[in-house]
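What follows is a short report on a single structure.
The values are calculated or read from the model by the stated rules, or taken from the named source; none is laboratory data. Note that the structure is predicted; figures quoted are calculated from it, not measured. All Cβ positions, glycine included, derive from the backbone under ideal geometry; neighbour counts span all protein chains shown.
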Amino acid sequence: MENKYKKIFNTNKLGMLTIKAKNPGKVLTIVACTHGDEIYGMEIFDYLINEFILEKKIISGTINLLIGNKEAYLKGKKIVDFDFNRIWGFEDKYKGSYEYKRANEIKEILYKSDYLIDLHSTTLKSIPMIIPVGKQDDNLIDCFSGTYVLKNLIEFLNGVALAKYAKLKNPNLKAIVIEAGQNNDPKTIEDGKQNIIKFLGYYGFIQNNTNIIKTKKIYLYAKKCIHAKTMNVKFLYSESPQSFQKIKKGTDILQDGENVVKADKDYIIIMPTTPRYIGEELGYLCESESE
Ligand SMILES: [Zn+2]
């Protein structure tokens, strides 16, 4: 699959462009394409490099623009062998896979950073979501324009996520995962550019010309995640399952093989989806109250 971003990185085996200021400072790593087909992140890179000309604007520190799952991205696929956002426990079952090798190639870059932003997007229409990794300060969250902040969601993935791994290795790391919305939606991309510029300004990588305007945020706390036990999953609570739908206590949420999963409390469901493999997350059950 040909695409216009290839040329940005085609001389670079690691799939990373590093932009350094004359003044030393903090290290920021932005990861695009942790899932290879989520090209939203590459749109942001393209903008930063070719339109914004970050090279000329950077005043302090180092910024790494890194293609996460490089091989999947080059193939225009989400994954090569395994989900690159689940394999960071380096379990034996992943050995020999492309993603395992790739994780070893880039792991030090991630945990030796001071800031990490992992950019994701979706193929279907979706509301933007901000997913902090561990406790994060409000200013970091406020750089991003989405309303919904999904606390501790990353704890419920079926495996160790890229940003979680980096945070475990470096507890001082400020890490955030952005589910920006639909891949090719111009508004998603435009917001994404503004958000990153806000972040760069606020944290001193570029001249700060923008105030962070505090927008209303709604915090959701993941309480549990339903994982697929079979490939035979049917949602029962709604004909068209979508994020942010409410599910009342006692409702049959879905049928997985012979087993019906019921809501033991009132929940808000996030990312309901039918499985592509056994063990995959079928939806996160969240509450909007305090932790
Ligand atoms: Zn993703």
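Here are the numbers for the structure shown:
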{"read-out": "Residue selected from region 64-88 under the condition away from the ligand (no atom under 14 Å from the Cβ), touching a helix residue (DSSP H, G or I) at 6+ places or on another chain (Cβ under 7 Å) and outside any loop (DSSP other than H, G, I, E, B), by the criterion farthest from Thr122 (Cα to Cα)", "value": "Asn64"}
{"read-out": "Given (1) buried (at least 19 other Cβ atoms within 10 Å of the Cβ); (2) under 22 Å from Ser113 (Cα atoms); (3) of a type in the set (S, T, N, Q), index of the condition Gln207 fails", "value": "(1)"}
{"read-out": "Candidate set from region 210-219 (those that are assigned to a loop (DSSP other than H, G, I, E, B) and not hydroxyl-bearing (Ser, Thr, Tyr)); member that is surrounded by the most Cβ atoms within 10 Å (Cβ to Cβ)", "value": "Ile212"}
{"read-out": "Complete set of residues in region 167-203 that are away from the ligand (no atom under 16 Å from the Cβ), within 16 Å of Gly134 (Cα to Cα), in contact with a Ser or Thr (Cβ under 9 Å, 6 or more places away or on another chain) and among the aliphatic types (A, V, I, L, M)", "value": "Leu173"}
{"read-out": "Criterion: surrounded by 14 or more Cβ atoms within 10 Å (Cβ to Cβ) and under 21 Å from Asp118 (Cα atoms) - qualifying residue of Leu200, Leu254", "value": "Leu200"}
{"read-out": "Residue, surrounded by the fewest Cβ atoms within 10 Å (Cβ to Cβ), within region 126-146, restricted to residues that are farther than 20 Å from Ala161 by Cα and at pLDDT 90 or above", "value": "Asp142"}
{"read-out": "Counted residues, region 239-272 - those being touching a residue at least 12 places away in the same chain (Cβ under 8 Å), on the phi < 0 side of the Ramachandran plot and part of a loop (DSSP other than H, G, I, E, B)", "value": "11"}
{"read-out": "Answer residue from region 105-125, given it is part of a strand (DSSP E or B) and of a type outside the set (S, T, N, Q) and is farthest from the ligand (Cβ to nearest atom) among those", "value": "Tyr115"}
{"read-out": "Of the criteria (1) farther than 30 Å from Lys112 by Cα; (2) more than 16 Å from the ligand (Cβ to nearest atom); (3) in contact (Cβ under 8 Å) with a residue 24 or more places away in the chain, which one Tyr221 fails", "value": "(1)"}
{"read-out": "Residues (surrounded by 21 or more Cβ atoms within 10 Å (Cβ to Cβ) and out of contact with any strand residue (DSSP E or B) (no Cβ under 6 Å at 6 or more places or on another chain)) located in region 47-66", "value": "Leu48, Gly61"}
{"read-out": "Conditions (1) of a type outside the set (A, V, I, L, M, F, W, C); (2) within 30 Å of Gly61 (Cβ to Cβ); (3) away from the ligand (no atom under 15 Å from the Cβ); number of the one not met by Pro128", "value": "(3)"}
{"read-out": "Residue match in region 16-24 (condition: within 16 Å of the ligand (Cβ to nearest atom), in contact (Cβ under 8 Å) with a residue 12 or more places away in the chain and not in a loop (DSSP other than H, G, I, E, B))", "value": "no"}
{"read-out": "Test: residue in region 146-161 that is farther than 22 Å from Leu200 by Cβ, touching a helix residue (DSSP H, G or I) at 6+ places or on another chain (Cβ under 8 Å), assigned to a loop (DSSP other than H, G, I, E, B) and away from the ligand (no atom under 16 Å from the Cβ)", "value": "no"}
